[in-house]
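The structure appears right after this line, and notes come after that.
The values are calculated or read from the model by the stated rules, or taken from the named source; none is laboratory data. Source: prediction; values computed, not measured. Neighbour counts are summed over all protein chains in view; Cβ atoms, including those assigned to glycine, are modelled from backbone coordinates with ideal geometry. Surface areas here come from the heavy atoms of the whole protein model, side chains and all, with no ligands, DNA or RNA. Shrake-Rupley method; radii C 1.70, N 1.55, O 1.52, S 1.80 Å.
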Amino acid sequence: MHVLVIGAGIIGVTTAFELRQRGFEVTVVDRHAGVAQEASYGNAGVISTAYAGPWAQPGMPAKILGYLWRSHSPVIYRPSLAPAQWRWVVRWLGECRLQRFRVNKQRMQRLAEYSRAVLHELRRRHSIDYEQAQGWLQLFRSEADMARAKPSLDMLAQAGSPHRLISAEQCRALEPAIVDGTPLAGGLHLPEEETGNCAYFTRRVKDLAAAQGVRFLFDTAVSALAIEGGRFRQARTGSGPLAADAVVIAAGADSGRLLRRTGIRLPLYPVKGYALTARITRHEYAPLMSVMDEAYKVAVTRMGNRLRVAGTAELGNRRLELRDSALGTLFKVVRDWFPGAADYAQARPWVGARPMLPDGPPVLGATPFANVYLNLGHGSTGWAMACGSARVVADVVAGATPEIDLEGLTVERFARGGKA
């Protein structure tokens, strides 16, 4: 059986690898010249399990309004006339209620915990190095930031996830590179969380998959899916049709466009994120663990001899334009905490589209079409959920029962526009 995977980011490449392990003939197609060229390229590197959760959470709408007129903001909202944007915003607002947040977070944590186990298995079996490191420190600039984190802290306690609230002095003892002078009310230490270079890992898995016979077609954009008689027949590209016995859509933010023409409608919208990558010049001034500034939702992660500074969520048009205001927020945060660590003047900027659903969890598995499968909508948590999502989808394609419960993680939760 031949399976076509559309998309060569972390989601598509790991899916292709898992499908090949089950004996399928696999072809991966992507419009870019290589793997991990979009959302997988410039992310923060955080592989969060205990703290995996939706963007829609209590207090977030008020927080966005409070930042609208400030020069530095964790969220940039640029209203457009596109109906899809307004429909997404309305649904997102409905998911910010505490009850919905808890449901969505539990679904995401279930998948993230499974994914971490799969990632560790792959790392051991294939000796994959991806600049991994241990530990995660969330910094609270104010008591108000700490108060807003309470729902997440309650869920961490309920799940038994190792964590501890610590004072400002304990934060600086744990991460000595944090400078004095920037307001710091305290922190949240998650000792078992991990970081790693997503793009490095994707390239390594691509090499493993290719060595096992997976075919990769780059510089090939899929324009449409041909569906006949309730089944996928072929993908149309500028280089000609690609026929297969089944297809997995893992095309990130572009997935919605492909699916709409088949009649499958998901509230998938590109929420843009920004990143800077700077060469470390003074290692003693650079953090050893990943640090998240809760006020600005910006993460600073050491990746070898570089610092990755990533964050800011922009809801606006679909054009990937570098905006000075968003990059300015990243520069502010990293210079507030680690001013002497890196050559920020030569930092490489990046912008990418996170394929985000309004409630948070991705959509995995089967569709109303017998041979069309989905692995999409991971938002900013694709790196944390990739390996588990890939194995789940490969199990579904193979007709096997996945190792985790898929409640709330399939297309059915959007089938009637409800909130399953």
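For this structure, a couple of remarks:
- The distance between label points at A173 and Y285 comes to 2.6 nm (points 7 Å beyond Cα on the Cα→Cβ vector).
- Charge dipole (debye, nearest 20) of region 272-420; +1 at Cβ of Lys and Arg, -1 at Cβ of Asp and Glu: 540
- Here region 36-157 is treated with +1 on each Lys and Arg Cβ and -1 on each Asp and Glu Cβ, and its dipole about the Cα centre works out to around 440 debye.
- Selection from I128, G229, I64 lying farthest towards where the dipole of the chain points positive, charges on Cβ: G229
- Assigned charges on the beta-carbon of Lys, Arg, Asp, Glu; the chain dipole about Cα centre (debye): 1040
- Length added when fully stretched, A33-A243, from 0.36 nm per residue minus Cα-Cα: 73.5 nm
- Other-chain or far-sequence residues with amide H under 5 Å of T367's (modelled H): V372
- A simple spin-label model places the labels of Q212 and E228 3.3 nm from each other, with each point 7 Å out along Cα-to-Cβ.
- Backbone geometry of region 188-193 corresponds, through the Karplus equation with coefficients 6.51, -1.76 and 1.60 at θ = phi - 60°, to 3J(HN,Hα) couplings of 10, 9, 10, x, 9, 6 Hz, x marking Gly and Pro.
- Listed residue (S142, L208, G160) projecting farthest to the positive dipole end of region 109-260, Cβ model: L208
- Per residue, the convex hull around the alpha carbon atoms of region 249-395 comes to 120 Å³.
- Per residue accessible area of the chain, 1.4 Å probe, in Å²: 39
- For percent of Cα pairs over 39 Å apart, the value computed from the atomic coordinates appears in the list [x] 24; [y] 15; [z] 20 under label [y].
- The lysines within cross-link reach of K332, meaning a Cα-to-Cα straight distance under 27 Å and a gap of 8 or more places when in the same chain, are K63, K150, K272, K297.
- Rough spin-label spacing in nm, given labels placed 7 Å along Cα→Cβ, for V90 and R236: 3.1
- Inter-centroid distance (Cα atoms) of region 201-262 relative to region 345-392, Å: 15
- Atom-type composition of the exposed protein surface of the chain places 51 percent of the accessible area on carbon and sulfur (1.4 angstrom probe).
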